[in-house]
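**Q** Please see the structure below; I have some questions.
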Amino acid sequence: VVALAGSPERPRIELAATLGRGDSFARVLQRAGVGGAEANSISTMISGITSLSDIEPGTPVNIVLGQRSSRNEPRPLESLAFRARFDLNLAVTRQGGALRIERKPIAVDETPLRIRGTVGQAGIYRSARAAGAPAEAVQAFLKVIAGQTSLGSIRPTDEFDIILDYRRAETGEVQVGNLMYAGIDREGKSKIQMLK
């Protein structure tokens, strides 16, 4: 048995960092263990593709650090991957000693979302929520409708019609946007039609 001078280091470290609100991308990498010069270089590479301010706070960044030559040196980055925008993933990898960035576009369907239904005894809010409309969208819808008529004048037999901005990524995530159209139909005829 021979006593070791120090504990051996792992050859690779895999970790996830999270971009905080008001945080710089280079600072996130440095806290994860990437050297300052390398972190700034990676930030410059990324800013050449997309604005760093477009990256949402809370975005997870998957990082793999390699083996360092000495304990006094920061670990070199082997790879890094994260979602830069709703429609774009970015990956940074080390190839032949140099860092390279790769774009991975995500297909996004931007077909608006239409939600229709009968007001019913529960009222517009509950009926629209039960039909799948997000709470913020229903509130915007009610605000628009209330600007045109009294909400108390809407009958349980009336039908609501809501159209929203809607984006769906091929990876399954969705983004619900602003209200585009608000309508109330009574007995098959339009009572209110508001188009943004």
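**Q** So which pairs qualify, if the first residue must be in the stretch 115-143 and among the basic types (Lys, Arg), the second must be part of a helix (DSSP H, G or I), the Cβ gap must be under 7 Å, and the two must be at least 6 apart or on different chains?
**A** Every condition considered, the pairs that remain are Arg129/Ala135; Arg129/Val138.
**Q** Additional query: Do we find a residue being within 23 Å of Ile46 (Cα to Cα) and either of a type in the set (Phe, Trp, Tyr) or assigned to a helix (DSSP H, G or I) (or both) anywhere in the stretch 70-92?
**A** For the stretch 70-92, residues within 23 Å of Ile46 (Cα to Cα) and either of a type in the set (Phe, Trp, Tyr) or assigned to a helix (DSSP H, G or I) (or both): present.
**Q** Quick one: Gly117 ticks every box in (1) more than 22 Å from the chain's Cα centre (by Cα); (2) farther than 11 Å from Ile162 by Cα except a single one, so which number is it?
**A** Result: Gly117 passes all but (2).
**Q** Out of Ala32, Ala81, Ala39, which single residue is touching a helix residue (DSSP H, G or I) at 6+ places or on another chain (Cβ under 8 Å), surrounded by 11 or more Cβ atoms within 10 Å (Cβ to Cβ) and free of Cβ contacts under 8 Å to residues at least 40 places away in the same chain?
**A** Ala39
**Q** Let me ask you something else. If only one of Ala130, Ala122, Ala140 is out of contact with any Asp or Glu (no Cβ under 7 Å at 6 or more places or on another chain), within 16 Å of Leu195 (Cα to Cα) and open to solvent by 30 Å² or more (accessible area, probe 1.4 Å), which one is it?
**A** After ruling out the rest, the residue left standing is Ala140.
**Q** Could you please let me know if Ala107 is farther than 30 Å from Ile192 by Cα, among the hydrophobic types (A, V, I, L, M, F, W, C) and loosely packed, with under 15 Cβ neighbours inside 10 Å?
**A** So Ala107 fits the description; yes.
The values are calculated or read from the model by the stated rules, or taken from the named source; none is laboratory data. A quick note: this is a predicted structure, and the numbers were derived from the prediction, not measured. As a convention, Cβ positions derive from the backbone with ideal geometry for all residues, glycine included, and neighbour counts pool all protein chains shown. These area figures cover heavy atoms from the full protein model, side chains too; ligands, DNA and RNA do not enter into them. Shrake-Rupley method; radii C 1.70, N 1.55, O 1.52, S 1.80 Å.
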